[in-house]
Amino acid sequence: DACKECPTFGAAMGKLVGLALGVCVACGLAGWAYSVQSGRQSWREKPCIGPSLRLADRAAVYYVGIGATAKIKILVGFLQMAFVLVSTYSARLPDVLARRVGINEALAFDAWCEAFLRPQCFSYSTRLLVFAFTPIVLIASFLLVGIGVRVRRWLVATASRPTCAEAVDTVMRGMFDLTPAGLVLVFCFVPSISAAIFRTWSCQAYDDPEQDDNMILYMRRDLSIECGSDDHKSTEHLAYFLIAIWPLGSLLLYGSLLIPCYKPLHAKTPTALTRATAFLHGEYELTFYWWEALELARKLTLTGAVLLIEEERAFLRLLVATVICSVYAVGLAIVRPYKRVED
């Protein structure tokens, strides 16, 4: 095969960001168009767009009626575990399951990033930075769009000179408008990104060509980096920084959003914050409104933190994961945190 020239970093990033923004803009426009026409019967009678709007109305009713949010989150959580089953636990699966898991890993976020930033062209540190900061840029863009829309409406509707308190309230409302979209992105991306961060310590042993009885460890995700070398240590420093942003940061984010919801939820007085964070607590009983944070901690441990256990002790990884899952399953059966029995 002929060698292919590596793209520049700017070109690769442009394609990745363009794809991500294109998907988000398409989803946003579809949601905006539906919300604008919600309740307008005249549009639903038009031959071109009417059937689609009526179908969306029925789908929304069924979605809420069956409590689909909880079920989709459980399904996505299962797939997030499957993404890292082979690469994290070195598990040998039957051919049929191995092919399905391989498809799942190909659908993971870091796999999509590597399709644009090929490992042969860019270092693991560069790819890791892209993995970590692309969702942050998308979330920040969502929040800025929400703030911008709110501020524009407020300036148009306000005839008198605005006060500082009104400006702050408008900005907060704008953030709350698209906070649900940001939480969905965090929910989808944080396990795969955390796994990519912790793979910094995932090394593979190879025979030393100079000494027959010696083994050399190289990073699984970047075979040009020898584990323990200066390059590997610099990658470790980057990983420590990103651990503070994603695994620890996401837990702090969930906690900082859920703790202020305690009193309004138990007093049954909805606020802008409780409505904006309904994605985190909406499907749980009031007593267990914090359960999503526990579920996130479980996923972060199973998909990333276990990689801190040495590769030679892969069985210990399986043992730790089995114990965590067993304890979690027993606790889930005992406390029954979901509002619906079938969840």
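Each value in this text was obtained by applying a stated rule to the coordinates, not by laboratory testing. Here the structure is a predicted model, which is why all the values come from computation and not from measurement. Here the Cβ is made from the backbone with ideal geometry for all residues, glycine too, and neighbour counts use every protein chain on show.
Taking a threshold of 23 Å on the Cα-Cα distance, which of the pairs Lys71/Lys268; Lys73/Lys299; Lys299/Lys339; Lys73/Lys339; Lys15/Lys73; Lys263/Lys339 fall above it?
Violating the 23 Å Cα-Cα cut-off are Lys71/Lys268; Lys15/Lys73.
Shape call for the stretch 216-285 from the C-alpha gyration tensor, a ≥ b ≥ c root eigenvalues: rounded (a/c under 1.5), prolate (a/b greater than b/c) or oblate?
Prolate, since a/c reaches 1.5 and a/b exceeds b/c.
Over the residues of the stretch 170-313, compute the C-alpha Rg and express it relative to 2.2 N^0.38 Å. Don't skip to the answer; put the middle values down first.
Working: Rg = 20.5 Å, N = 144, 2.2 N^0.38 = 14.5 Å.
Computed over Cα atoms of the stretch 170-313, the ratio equals 1.41.
Quick one: Cα centre-to-centre distance for the stretch 145-211 and the stretch 256-283, in angstrom?
19
Rank Tyr240, Tyr254, Thr303 by how far each Cα sits towards the positive end of the charge dipole of the stretch 197-334 (+1 on Lys, Arg Cβ; -1 on Asp, Glu Cβ) and give me just the farthest.
Sorting the options by dipole projection puts first Tyr254.
Under 1.5 on a/c is rounded, so check that first for the stretch 238-343, then, if it is not, pick prolate when a/b is larger than b/c and oblate when it is not; a ≥ b ≥ c are the square roots of the alpha carbon gyration tensor eigenvalues.
Working: a/c = 3.90, a/b = 1.54, b/c = 2.54.
Verdict is oblate for the stretch 238-343.
Collect residues whose amide H, placed 1.01 Å from N in the peptide plane, falls under 5 Å from the amide H of Tyr338; neighbours closer than 5 in sequence don't count.
Those qualifying (amide H under 5 Å, at least 5 residues apart or on another chain) are Glu285.
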